[in-house]
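Q: Would you mind keeping the following structure in view while I ask a few things?
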Amino acid sequence: MSEDRFARSAWFRHDRFGMFIHWGPYAVPARGEWLRSHERVPLADYQYAVDGFGAEDFDPHTWAELAAAAGQKYAVLTAKHHDGFCLFDTALTDYGSMHNGIGRDLVAEFLEAFRARGIKVGLYFSLLDWRHPDYPHHGDWAHPERDNPAFASHEPDLESYRAFLHGQVRELCTNYGKLDILWFDFSYEGMGPEQWGAADLVAMVRELQPDVIMDNRLETSGEGMGSIVTDEPTSYCGDFVSPEQVIPVEGFHTPDGTPVPWEACVTLNNNWGYAAADDLWKSPEQVITKLVECVAKGGNLLLNVGPDARGTIQPEAAERLRRIGHWLEANGESVYGAGPAGFGSPEWGYYTRSGSTVYAHVLRAPIGPLPLTGVPKDAIERISLVADGQELKLCEEWVVASYPDIPFVQFGEVGHFTYPLPDPVDTVVRIELKDDSTPVGGTS
C-alpha cells in the first residue's frame, strides 16, 4: 500500500502536539459534557444551561497565546457537541451562540485568533445531536430520553437528519476559510456510516476542503480503528486513528507495514467539558513523558482543556500548559518533525528520530554511564545535550568492557561515576549519526 493516501497529513505528523477545546452550555452545570446523557436530563430541563452560557470572558486570543506558550501547533474546538448546541453561525437551527443571548460566532473568533498565531485549526463536529427531533430517542444507546416511555413511539426521520448533518458540515466547510482538521465524533452500533451517509459526506468535504484531514470516527469510536488499517480502506475511513484516553501499546500499521498516522486525545484532568469538582490534574511531567511516548510510537498528542461557562481556561490547566511549553522550548527538536527511531524502547526511556539524528529521552537515571542500546557504536558522529548543546563523551572505562558493541554515554568527567540527570523530567541526548540511512536496532 502506498503512503500517498496519508500525504495530506504530513504537517500533522510533523507538528505532533495540539490543543483540544471542549466548550459549550454543559460548562454551566459544570459536571462534564455528557451531563444530559448520564443524568437523563430532558431538553426543557437543559434550557437553563443554554440560557446561562454567556461567554462573557471569552477572548480567543488569550487561548491562542496559551496554546503557543504550551508549544501546541494546532487546535481543535467543539463547533457542536452531542447536545446539539452550535458555537457557529448556522442557518439550519437557532440552537446556538448566535441566538442564546451571546450573539457571537464563537467559531469564527476562535479561527481568526489561532490563525493569527500561526496555529493550525480544526473543528470538532458531533455526528450525534440530542436536540434534533429526527435523531433516534427511545432505545438509542446514549440519548437522554432513551429510557423515557413517553418517547416509545418516537420514529426518527433519518433522511431528514442526514440532510441537516450534511448541511451543517457544508456550512463549516464553506463559510470559514481553509480548515486543517475536521474531527468527527462518533459511530456506534445502529448509528454509523450508513446512517451518517458517510461516503457522500466525505465526498462533499473533499470537494470543499481538499486538504483537510479527518479522523476515523465516521465508522468507529474512540476504542476502534476501522478500515484505515486494512487492505481495503473505505472512502470515509479518515486520515488518522484517534484513540481516546489511552496511549496505544504500539503504533498502527497497514498489513503491508505502512505506518498509519494516529493521535491520542487525552484530558488534562478527567473530564472533557468543564467539571468544577474535578481536581485530578495530570502533572506537566506526566504529560511531557506521554507526549514523548506518542512520538516514539509514531503518534500525536491532542491535550484537552475545558473552559468554564464564561470562557476562562482554569489556572491549573494554564500553569501546566506553560510548564510543558517551557520544556518544549528547550527540547522541541526531539518532538517536532521526529518519529519512531525504528527499534524498541530502552529500559530507561524512549528514542525518537529525525533523519540522521536519534534522540535519547532519558527518564530514569542510570548507575554509571547510560547504555545506548540499539545504536551502532561506529555510526556515532557526535553526542550532546539538546537543552544546552553540551557535548557528552562515550565511556571507554572498565565498567563497559563486557559490552563492546554497545555505546555508553557518560554525564560527567568520570565514566564510572553516577551523576544526576541534567533534567529530572526528561533529559534529551542528541545522537548525531554519520549517515541518515544508518539503520539502528538491537535489544530494547
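Q: Just name one of LEU433, ALA387, PRO346: the one whose Cα is farthest towards the positive end of the charge dipole of region 341-433 (beta-carbon charges, Lys/Arg +1, Asp/Glu -1).
A: Value computed over the given set: PRO346.
Q: Net charge within 13 Å of SER160 by Cβ-Cβ distance, Lys/Arg positive one each and Asp/Glu negative one each, not counting SER160 itself?
A: Surrounding charge for SER160 is -4.
Q: OK, next. Let me have the relative contact order for the chain, percent, based on Cα pairs under 8 Å that are six or more residues apart.
A: 16 percent
Q: Projecting each Cα onto the charge dipole of the chain (Lys/Arg +1, Asp/Glu -1 at the beta carbon, about the Cα centre), which of LEU92, GLY332, VAL305 comes out farthest on the positive side?
A: Projecting each Cα onto the dipole axis, the largest value belongs to GLY332.
Q: Let me ask something additional. What dipole magnitude, in Debye to the nearest 20, does region 57-214 give about its Cα centre under +1 on Lys/Arg Cβ and -1 on Asp/Glu Cβ?
A: Its charge dipole is roughly 640 debye.
Q: Counting only helical runs of four or more DSSP H residues, what would the 222 nm mean residue ellipticity of the chain come to if each run contributes -39,500 (n - 2.57) and the total is spread over all its residues?
A: When only DSSP H runs of four or more count, the value is -6500 deg cm²/dmol.
Q: Relative to a virtual label point 7 Å from the Cα of ASP435 in the Cα→beta-carbon direction, which members of region 363-399 show backbone nitrogen distances below 15 Å?
A: 376-381
Q: Take every DSSP beta bridge with both residues inside the chain and express the antiparallel ones as a percent of the total, to the nearest 5.
A: Once the DSSP bridges in the chain are tallied, antiparallel ones form about 50 percent.
Q: Any idea how far apart GLU159 and THR62 come out in nm if each label point goes 7 Å out from Cα toward Cβ?
A: 4.9 nm
Q: Within the P(r) computed for the chain, what percentage of the Cα pairs occupies the region above 36 Å?
A: Looking at the chain, the distances longer than 36 Å represent 32 percent of pairs.
Q: What does the net charge come to around GLY389 if you take all other residues with beta carbon closer than 11 Å to its beta carbon, with K and R at +1 and D and E at -1?
A: 0
Q: Could you work out how far apart the two model spin labels at GLU333 and ASP388 are, taking each label as a point 7 Å from the Cα in the direction of the beta carbon, and quote it in nm?
A: For the pair GLU333/ASP388, the computed spacing is 1.6 nm.
Q: A further question on this structure: Roughly how many debye, to the nearest 20, is the charge dipole of region 341-433 about its Cα centre, given +1 on each Lys and Arg Cβ, -1 on each Asp and Glu Cβ, and no other charges?
A: That gives region 341-433 a dipole magnitude of about 200 debye.
Q: Something else: Quote the FRET efficiency, to the nearest 0.05, computed for SER402 versus ARG310 with a Förster distance R0 of 56 Å and r equal to the Cβ-Cβ distance.
A: Taking R0 as 56 Å, the efficiency between SER402 and ARG310 is 0.35.
Q: Please work out how much length the chain gains when fully extended from ASP200 to ALA152, using 0.36 nm per residue of separation minus the C-alpha to C-alpha distance, in nm with one decimal.
A: Fully extending the segment from ASP200 to ALA152 adds 14.2 nm.
Q: Looking at TRP183, GLN168, ALA44, which one has the Cα that reaches farthest to the positive end of the dipole of region 44-190 (charges on Cβ: Lys, Arg +1; Asp, Glu -1)?
A: Going by the charge dipole, the pick is TRP183.
Q: Also, I was wondering about something else. What is the calculated FRET efficiency for GLU112 to PHE417, with r their C-beta to C-beta distance and R₀ = 51 Å, to the nearest 0.05?
A: Computed FRET efficiency for GLU112 and PHE417 comes out at 0.40.
Q: Give, in nm to one decimal, the length gained when the segment between TRP11 and ASP231 is fully stretched (0.36 nm per residue of separation minus the Cα-Cα distance).
A: Using 0.36 nm per residue and subtracting the Cα-Cα distance, I get 76.8 nm.
Q: Then there is this: Rounded to the nearest 20 debye, what is the charge dipole size of the chain about its Cα centre when +1 sits on each Lys and Arg Cβ and -1 on each Asp and Glu Cβ?
A: In debye, rounded to 20, the chain gives about 740.
Q: Could you work out how much longer the chain between ASP256 and ALA44 gets when fully extended? Use 0.36 nm per residue separation minus the Cα distance between them, nm to one decimal.
A: 71.1 nm
Q: In the neighborhood of PRO255, defined by Cβ-to-Cβ distances under 12 Å, what is the net charge if each Lys or Arg adds +1 and each Asp or Glu adds -1?
A: -3
Read-outs throughout are calculated quantities, based only on the coordinates presented, and are distinct from any laboratory measurement. Quick caveat: nothing in here was measured; it's all calculated off a predicted structure. In this analysis, Cβ positions are derived from the backbone assuming ideal geometry, glycine residues included, and neighbour counts consider all displayed protein chains.
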